[in-house]
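Heads up, the thing below is written out as structure tokens.
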Amino acid sequence: MGVLSVLDWAVVGLYFLLILGIAWWVIKQKTDTPSDFFLASRHLGWFIVGTSIFASNIGSEHLVGLSGSGATDGVAMAHYELHAWCLLVLGWVMIPFYIRSKVFTMPEFLERRFSPLARTLLSTVSLIAYVLTKIAVGIFAGGVVLSVLMPELQFMGLDSFWLGSILVILFTGIYTALGGLRAVAYTEAVQALVLIFGSFFVLVFGLKALGGWGPLFEITGPEMWNLWKPLVPEGMNATWAPIHTDTDMAWYFNNQYPWLGMLFAAPIVGLWYWTTDQYIVQRALGAPNEMQARRGTIFAAFLKLFPVFIFIIPGIIAYALAESGQIAAMQEHMIGPDGEVIRENAQAAFPMMVAHVLPVGVRGLVVASLLAALMSSLAGVFHASSTLFTMDLYHKLKPKATDLELVWMGRVAVVFMIVIGLFWIPVIQGSRGLYDYLQGIQAYLAPPIFVVFFMGVFNSRLNKEGCLSALFVGIFLGLFRLAVDTPAMLIDGFSYTEGSFLWIVNNTFFQYYSLFIFIVCILVMVGVSYATPHPDRARITGLTYGTVTESHRKLSRASWTWTDVFTSTLLMTIIIAIYIILRGG
């Protein structure tokens, strides 16, 4: 299984040559100024902004997680993909303030709105979180995909997991370090197209192997197509308590979520990620003006709907092929003796579809798309980390550093991230529980960041004292939860005394704890701000809705047309239509 033909390898080779050619063309351009290296001289058009945002978001973990959840629980995880509306919030609500302020990073915006300490704190926390989550998750999921599709790769005792991860990390890191955001954005634009078209072939050939939509609906039943099930489960008890399973990665890959958490906690994480995270917003900051940035986010929002059709539905098809026995190898791997799907094995649904359903040649294109997903995610985190370290930390320590020195420090930072990525491989390869545990970090660290950004923009009365208090309290609560979870997650047989304080903290559903942090941060920020002096209005002019001048409003109004309004409305209509159609019957 999974042995690629000569033609498949040729297609993969052509893909790498294409990426190498684009990267080389970009690298030959001048990248000797911070503006060019970190923001592509703010010359990225809306198409590049949109495709780059999409490619940065879609990583190998989507191929593993979304397709696996499709095979086990149908369309339930589509809720997260339908958070595409968050990109409209970025484009219409936050972009005017970001573009107007001409910042390089999100923490820099926080400094202008509140204080330098807020910038340093957010930069440090973001860097640590990127190392622990985005790099770790990308390598782990990429290893799962590569080990299924190319198990024959062996060299000097290294298996496909090691070889694939090392080669992709090095290749991606080199063009990121040399070409900066321009290289990252342009290669991501190509990778996004390869990913969409390649994954679309999995859907087409999967349906062909099964016999079409009719057999698919007949085998899977209406519950697999019920998007409302995790929001409105049967029985009042299930509406408040998450359904526990014995699967190590159940909470990430499956739909075992209470409706309250899905309704309130998930959008908090979504809005933090799509509107305030350097990893995503940096692409919009590279646009020349508000219009190009907004249109890029609208385009990215449309692209964000594709994973429902190119990842989740192929996962459902994989289940149908296994359940019906039409592909014996998939049935043996995914269906247990009791006739139920094996949730852990369902993680390999997408790569197994590639290995068993696709014809020669097409399989190579899809493998190239999988590599595109892994490379685009790693390139994004490498460059975002480089920008945060150089502009928010190094430049603060050496304010007189030359442009050339800042660019070279950015490249050194990328190399450092490459080294960290390589050292992460054995840790990630040896611990599936660690991968599960790391997913919770964003749920615990997102609320305070979301609160200070959004409340800071909407309420001019909030000051630096309130911001710092909310950040410190929120980050402390998040780190406390992670510290409590660590022994229970990583030490076999460890458990807290039932009913004790630490047991309650450890067993509180992660979305509920995230909501708790969110509410506490709002109360702290408002309470401290109103108990301390007003911020200097002149200092925050243009950074909040209450301080926007008439000239700012005219410039912002001139940046959009009714075409932008129509496309945004169309996107929301499509999302609502999907919710109506996918109602399980």
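Among the helices (runs of 4 or more DSSP H) confined to segment 94-140, the ones with at least 2 residues that are touching a Pro at 6+ places or on another chain (Cβ under 9 Å) and either surrounded by fewer than 24 Cβ atoms within 10 Å (Cβ to Cβ) or at pLDDT 85 or above (or both) are located at 116-129. Working only within segment 5-34, note down all residues that are surrounded by fewer than 19 Cβ atoms within 10 Å (Cβ to Cβ) and of a type in the set (Ser, Thr, Tyr). 5, 33, listed by residue number.
Of all residues in segment 483-499, exactly one satisfies the criterion of being modelled with pLDDT of 85 or more, surrounded by 16 or more Cβ atoms within 10 Å (Cβ to Cβ) and among the aliphatic types (A, V, I, L, M), namely 484.
Among the residues of segment 182-205, those that are within 18 Å of residue 352 (Cβ to Cβ) and crowded, with 24+ Cβ neighbours inside 10 Å comprise 198, 199, 202. Residues that are of a type in the set (Val, Ile, Thr) and modelled with pLDDT of 65 or more number at least 2 in the following helices (runs of 4 or more DSSP H) confined to segment 183-276: 213-220, 266-276. Among (1) in a helix (DSSP H, G or I); (2) within 30 Å of residue 318 (Cβ to Cβ); (3) of a type in the set (A, V, I, L, M, F, W, C); (4) at pLDDT 80 or above, where does residue 75 come up short? Looking at each condition in turn, residue 75 falls short on (1).
Residues in segment 500-548 that are among the small types (Gly, Ala, Ser), farther than 21 Å from residue 442 by Cα and within 31 Å of the chain's Cα centre (by Cα): 542 alone. Does residue 564 satisfy the criteria of being among the charged types (D, E, K, R), modelled with pLDDT under 90, touching a Phe, Trp or Tyr at 6+ places or on another chain (Cβ under 9 Å) and not in a loop (DSSP other than H, G, I, E, B)? No. Selection of segment 527-547 for residues being assigned to a helix (DSSP H, G or I) and either basic (Lys, Arg) or surrounded by fewer than 18 Cβ atoms within 10 Å (Cβ to Cβ) (or both) yields 527, 530, 531, 545, 546, 547.
Restricting attention to segment 11-34, the residues that are touching a residue at least 12 places away in the same chain (Cβ under 8 Å) and in contact with a helix residue (DSSP H, G or I) (Cβ under 7 Å, 6 or more places away or on another chain) add up to 14. With closer than 13 Å to residue 114 by Cα, under 26 Å from the mean Cα position of the chain (by Cα) and in a helix (DSSP H, G or I) as the only criterion, which of 471, 477, 482 stands out? Just one listed residue meets the conditions, 471.
The values are calculated or read from the model by the stated rules, or taken from the named source; none is laboratory data. Not measured: the values here are computed from a predicted model. Don't worry about glycine lacking a Cβ; one is built from the backbone with ideal geometry, like all the others, and counts go over all protein chains shown.
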